[in-house]
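Written below as structure tokens is the structure these notes are about.
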Amino acid sequence: MLWMKGWYETRVRFLLLIAGTLVAAAVTSSDSIAQAGLAPQQLDATTLIGLSALASILLAGAGIKTQPGGVRPSKGLHGSMYYTLSLPVTRSRLFGVRVSLGLAQTAIIHVLACIAVWLVRPAIRLHADPFDLLKHDIAAFFFVVAVYSLGVFFATFLDDVYQTWANMFTMMSFIVIMNRIPLPRSLDGLFVLSVASPLITHTMPWMMLAALLALSATLLLISIRIVHWREY
Amino acid sequence: MTDLAIEAIGLRKSFKGQQALAGLDLAVPQGSIFGFLGRNGAGKTTTIRILMGFAKADEGSARIFGSFPVAEIRRRIGFVTEDKELYPYMTVADVIRFTRPFFPKWRDDLERRYLRTFDLPPNKKIPHLSKGMRSKLMLLLAVSRGAELLILDEPTDGLDPAAIEEVLRELIALAASEGTTIFFSSHQLAEVEQIASHIVIIDKGRAVVTGTLDDLKKRYQRISIVFADGVRDIRWVDGAEHIRQEGRMISILAGRNIEGIIAQARSLPRTTVESHSVTLKELFLDHVRTN
């Protein structure tokens, strides 16, 4: 039943994000653009996969607070959180179900984006070995999971709107910091997904995957501590 | 095995330096209908949040059926929130379908009965229900859990007088037939007086009056003393809890040593002394005003 509740709360944005991914893939196809008489636009593989990172921010949820069923917040959301808390369910379970559901939806959108990249690769002039593209997709998924975990972390103590802004701000800060501080490049998720992508290096960025996994696990562990410790 | 459904000892809670609870003690016997009274901001909702495990006390302990308020204990509790908010994307039928599997003792008979009695439309979405209808739906959800304890925060808020009467009748029937303990907060003193077996009045985060309603009514008396020559400054004997002066009359609310106070009043020259029992409203107002 908690899965059903989570689905009700996320289905609209999930379906909109799927539609957005498909539209982005469609406009990447130069044939369709030419037929429509529009100026050619091309999204590269990183941009298309970046969409799933954005989707992960929007799909992240704290598990306790009721979230808008649609895209707009509606009346009664925070009040209904007390009803959820009155159920004979631990906060860990509430958190676990919501995080798992959001993660599954993120994975679906990521897979769709990856399939879209594969299908539109002639249009974006992507001449990649399928195995290199798979490695890139796997690395990108670890990156998306880290972004998702950051979204979950913010969602444990911020409302929906602020959560998205906090995520964006953190990501921007991260990019600025990585450009100024000489950290190992292998730990920079964005770097490894762009100029040092497996599409170019033909190797799996294991260091980055380990770092992203550790970051995700840490963020989720902190989030669950906050959920337990917080008062509602 | 405890015979108390709820036991709170020395609950203290502050929010940003503002004290919400200041050593609250509660003892709610199983099977009782317990009225939880206090002004706005007296600490009622904070107490309920602690009892339900939504918040933690800074000091003191709260136990339900002898245990701390953990998830498993909530299986035995029916709860109505203060603002009566439910998931806005669900219909009446959806929210019932959602809640039922969490409670193995779910009472289909009560669900059907209250759907009919409260005239709840199964296919209507929650935001399209009036507050009164949401109150009724929350009562249905609380009662149908097959709970041994109902914690109801302002359960009749938003209901019209006829609906209040209907809900109170159902609550009394539930307590009588199922032995359910009902712990409810309310500002409606008349309805508390109508159904409660026990009450506690809290003010500024602590209990100022507690006991069975019958005992309290027997115990408390209002003694009115009219002075023919004007009120004098008098040091009253022990037992005078609240003293109020209105013109040439002094009104004393006393919970003990009533005979001693009456004797003292009668010993004063040119006075008329009367005593009578108090209503719950008088008891409440006297305590929260003075405190």
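Okay, residues lined up against (1) farther than 23 Å from B:A20 by Cα; (2) buried (at least 22 other Cβ atoms within 10 Å of the Cβ):
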residue	(1), (2)
B:L51	no, yes
B:K56	no, no
B:E59	no, no
B:G66	yes, no
B:A71	yes, no
B:V80	no, yes
B:M90	yes, no
B:D94	yes, no
B:P104	yes, no
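The single condition among (1) under 16 Å from B:L152 (Cα atoms); (2) touching a Leu at 6+ places or on another chain (Cβ under 9 Å); (3) more than 14 Å from chain A (Cβ to nearest Cβ) that B:I50 does not satisfy is (3).
The rows are residues; the columns are (1) farther than 30 Å from A:I64 by Cβ; (2) of a type outside the set (A, V, I, L, M); (3) touching a Gly at 6+ places or on another chain (Cβ under 8 Å); (4) surrounded by fewer than 18 Cβ atoms within 10 Å (Cβ to Cβ).
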site: A:S100; (1), (2), (3), (4): no, yes, no, yes
site: A:I109; (1), (2), (3), (4): no, no, no, no
site: A:D129; (1), (2), (3), (4): yes, yes, no, yes
site: A:K135; (1), (2), (3), (4): yes, yes, no, no
site: A:V147; (1), (2), (3), (4): no, no, no, no
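On the stretch given as region B:39-67, residues that are within 16 Å of the chain's Cα centre (by Cα) and within 26 Å of B:H287 (Cα to Cα) total 13. Annotation note: of B:L253, B:L280, the sole residue that is touching a residue at least 60 places away in the same chain (Cβ under 8 Å) and touching a helix residue (DSSP H, G or I) at 6+ places or on another chain (Cβ under 6 Å) is B:L280. Among the residues here, B:K136 qualifies as buried (at least 22 other Cβ atoms within 10 Å of the Cβ), more than 14 Å from every other protein chain (Cβ to nearest Cβ), out of contact with any strand residue (DSSP E or B) (no Cβ under 8 Å at 6 or more places or on another chain) and not in a strand (DSSP E or B).
Among the residues of region B:13-34, are any buried (at least 16 other Cβ atoms within 10 Å of the Cβ), part of a loop (DSSP other than H, G, I, E, B), within 13 Å of chain A (Cβ to nearest Cβ) and out of contact with any helix residue (DSSP H, G or I) (no Cβ under 6 Å at 6 or more places or on another chain)? Taking every residue of region B:13-34 in turn, none turns out to be buried (at least 16 other Cβ atoms within 10 Å of the Cβ), part of a loop (DSSP other than H, G, I, E, B), within 13 Å of chain A (Cβ to nearest Cβ) and out of contact with any helix residue (DSSP H, G or I) (no Cβ under 6 Å at 6 or more places or on another chain). All conditions but one from (1) in contact (Cβ under 8 Å) with a residue 12 or more places away in the chain; (2) more than 8 Å from every other protein chain (Cβ to nearest Cβ); (3) farther than 18 Å from A:M1 by Cβ apply to B:A93; the one that does not is (3).
If a residue has to be more than 8 Å from chain A (Cβ to nearest Cβ) and not in a loop (DSSP other than H, G, I, E, B) to count, how many in region B:98-127 make the cut? Walk me through it before giving the result.
Applying the first criterion (more than 8 Å from chain A (Cβ to nearest Cβ)) to region B:98-127 yields B:100, B:104-125.
Now drop any that are not not in a loop (DSSP other than H, G, I, E, B), which leaves B:100, B:108-117, B:125.
Count: 12.
Among B:V231, B:V200, which is modelled with pLDDT of 90 or more and either in contact with a strand residue (DSSP E or B) (Cβ under 7 Å, 6 or more places away or on another chain) or closer than 29 Å to B:G43 by Cα (or both)? Walk me through how you get there before you give the answer.
Details: B:V231 fails: modelled with pLDDT of 90 or more.
The match here is B:V200.
Quick one: in region B:55-89, which of the residues that are in a loop (DSSP other than H, G, I, E, B) and at pLDDT 90 or above is farthest from the other protein chains (Cβ to nearest Cβ)? Break it down stepwise before answering.
First pass over region B:55-89, keeping only residues in a loop (DSSP other than H, G, I, E, B): B:55-58, B:65-66, B:68-70, B:75-76, B:81-89.
Now drop any that are not at pLDDT 90 or above, which leaves B:55-58, B:65, B:75-76.
Details: B:A55: 4, B:K56: 6, B:A57: 10, B:D58: 11, B:F65: 13, B:R75: 4, B:R76: 8 Å.
Restricting to residues being in a loop (DSSP other than H, G, I, E, B) and at pLDDT 90 or above, the top hit is B:F65.
Tell me the residue from A:A166, A:A196, A:A211 that is under 15 Å from the mean Cα position of the chain (by Cα) and more than 14 Å from chain B (Cβ to nearest Cβ), please.
Details: A:A196 fails: under 15 Å from the mean Cα position of the chain (by Cα); A:A211 fails: under 15 Å from the mean Cα position of the chain (by Cα).
Of A:A166, A:A196, A:A211, the one residue that is under 15 Å from the mean Cα position of the chain (by Cα) and more than 14 Å from chain B (Cβ to nearest Cβ) is A:A166.
Residues in region B:230-237: is at least one surrounded by fewer than 20 Cβ atoms within 10 Å (Cβ to Cβ) and in contact with a Leu (Cβ under 9 Å, 6 or more places away or on another chain)? So far as region B:230-237 goes, yes, one or more of its residues are surrounded by fewer than 20 Cβ atoms within 10 Å (Cβ to Cβ) and in contact with a Leu (Cβ under 9 Å, 6 or more places away or on another chain).
In region B:35-47, what residues are more than 14 Å from chain A (Cβ to nearest Cβ) and among the polar types (S, T, N, Q)? Please lay out each step first, then the result.
Within region B:35-47, the subset more than 14 Å from chain A (Cβ to nearest Cβ) is B:35-44.
B:N40 - this is the single residue of region B:35-47 that is more than 14 Å from chain A (Cβ to nearest Cβ) and among the polar types (S, T, N, Q).
If a residue must be hydroxyl-bearing (S, T, Y) and at pLDDT below 85, how many such residues does region A:115-163 contain? Lay out the reasoning, then the answer.
Initial filter on region A:115-163 (hydroxyl-bearing (S, T, Y)): A:148-149, A:156, A:162.
Adding the requirement that they be at pLDDT below 85 leaves A:162.
The number of residues fulfilling the criteria is 1.
Against the definition (more than 14 Å from every other protein chain (Cβ to nearest Cβ), under 28 Å from A:Y162 (Cα atoms), at pLDDT 70 or above and part of a helix (DSSP H, G or I)), how does A:L101 come out, yes or no? Spelling it out, A:L101 is indeed more than 14 Å from every other protein chain (Cβ to nearest Cβ), under 28 Å from A:Y162 (Cα atoms), at pLDDT 70 or above and part of a helix (DSSP H, G or I). Consider region B:219-265. How many of its residues are of a type in the set (S, T, N, Q), outside any strand (DSSP E or B) and touching an Asp or Glu at 6+ places or on another chain (Cβ under 9 Å)? Final tally of qualifying residues: 1.
The values are calculated or read from the model by the stated rules, or taken from the named source; none is laboratory data. Keep in mind it's a predicted model, so treat the numbers as computed, not measured. Cβ atoms come from the backbone with ideal geometry, glycine included; neighbour counts cover every protein chain shown.
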